[in-house]
Amino acid sequence: MAHVLMVVTAADELVLADGASHKTGFWAEELVELHRGLTAAGHSVDIATPGARRPPVDPGSLDLETESGRELQAYLDRIADALDRPLALSEVADGAYDAIVLPGGHGPMADLAHDADLGRLLVDAADRDAVVGVLCHGPAGLLSAIRRNGDFAFAGRELTVFTDDEERLGGLGDSSPYLVESRLRELGAVVRAGAPWSSTVVADGALVSGQNPQSSVATAQRLVAQLAKAQIG
């Protein structure tokens, strides 16, 4: 079975374009469905954050007045020990994991997008063609994967991400400090976008990406399939 590192934001706020603070964190559905799908397939999942800080859940992703919200909270409660004591990204060695997975929420835009240790791990993963999975705003973490010569480690790779259209239609809109899709395109990624709010997954070799929360289950399924294809598990 594969040994998977799930890298989760530790940011609980994002500074908006106008300087205001927006409460954020990881998106509950995305972390839960990725974690559930991988562990149900028999893979082990370790959680890591910058500074080993406990990852905060985005309050907008967890409506406890709904059955689905209560189910997500129940799953988070079951993995509370792992969330309470994450690994520090700085202490994770290159090559220590078969796969690196990044759930979204706006939080990754605040910290993972420029985290040097995540960048180091992602460059290493790209170089050894290890499985990398990103979902929704999780691809913001890929922005950290800059080689010493200034090249983007995922330039030329096909992926999807929470699109600029989705950000304008149902995200932070003009308040967003930057648009993740646009940043990835500027660095040379080839973005393949589905219709807004569609379940869209793009796989380019070992790089698996999902567009939005609606893509959570399908992204987990594609990651499990990719690990099987790589004969890991």
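The values are calculated or read from the model by the stated rules, or taken from the named source; none is laboratory data. Treat the numbers as computed from the prediction; the structure is a model and nothing was measured. Cβ: placed from backbone, ideal geometry, glycine included. Neighbour counts: every protein chain shown. Side chains included, ligands, DNA and RNA excluded: accessible areas come from the protein's heavy atoms. Shrake-Rupley method; radii C 1.70, N 1.55, O 1.52, S 1.80 Å.
With each label modelled as a point 7 angstrom along the Cα→C-beta vector, the GLU158-ARG70 pair spans 4.3 nm.
With the simple model of a label 7 Å out from the Cα in the direction of the Cβ, ASP18 to SER44 spans 4.9 nm. The phi torsions of region 61-67, fed into the Karplus equation with coefficients 6.51, -1.76 and 1.60 and a -60° offset, translate into couplings of 9, 9, 9, 6, 7, 10, 5 Hz, rounded to whole numbers, with Gly and Pro shown as x. Distance from a point 7 Å along Cα→Cβ of GLN214 to each backbone N in region 109-143: keep the residues under 18 Å and list them by number. Taking a point 7 Å out along Cα→Cβ of GLN214, the residues of region 109-143 whose backbone N falls under 18 Å are 135-138. Extending 7 Å from Cα along the Cβ direction at SER182 and again at ASP127 yields two label points whose distance is 3.3 nm.
For ALA99, nonlocal amide neighbours, meaning residues 5 or more places apart or on other chains whose placed amide H falls under 5 Å from its own, are HIS3, LEU5. Proximity of backbone amide H atoms, modeled 1.01 Å from N, is registered between VAL190 and GLY156, ARG157, GLU158, LEU159 at under 5 Å, excluding neighbours fewer than 5 places apart on the same chain. Between the amide H of GLN211 and those of CYS136, THR200, distances stay under 5 Å, these residues lying 5 or more places away or on another chain, with hydrogens modeled in the peptide plane. 3J(HN,Hα) along region 97-114, derived from phi through the Karplus expression 6.51 cos²θ - 1.76 cosθ + 1.60 where θ = phi - 60°, amounts to 10, 6, 8, 10, 10, 10, x, x, x, 6, x, x, 5, 8, 10, 5, 4, 10 Hz, with x in place of Gly and Pro. Normalised per residue, the accessible area of the chain is 41 Å², obtained with a 1.4 Å probe and no contribution from ligands, DNA or RNA. For ARG85 and VAL190, the difference between the fully extended length at 0.36 nm per residue and the C-alpha to C-alpha distance is 34.2 nm.
Mind listing the phi-derived Karplus ³J(HN,Hα) values for region 13-28, rounded to whole Hz, using 6.51, -1.76 and 1.60 with θ = phi - 60°, and x for any glycine or proline? After applying 6.51 cos²θ - 1.76 cosθ + 1.60, I find 8, 10, 7, 7, 4, 8, x, 6, 9, 10, 5, 8, x, 8, 8, 4 Hz.
Ligands, DNA and RNA left out, the 1.4 Å accessible surface of the chain is 47% carbon and sulfur atoms.
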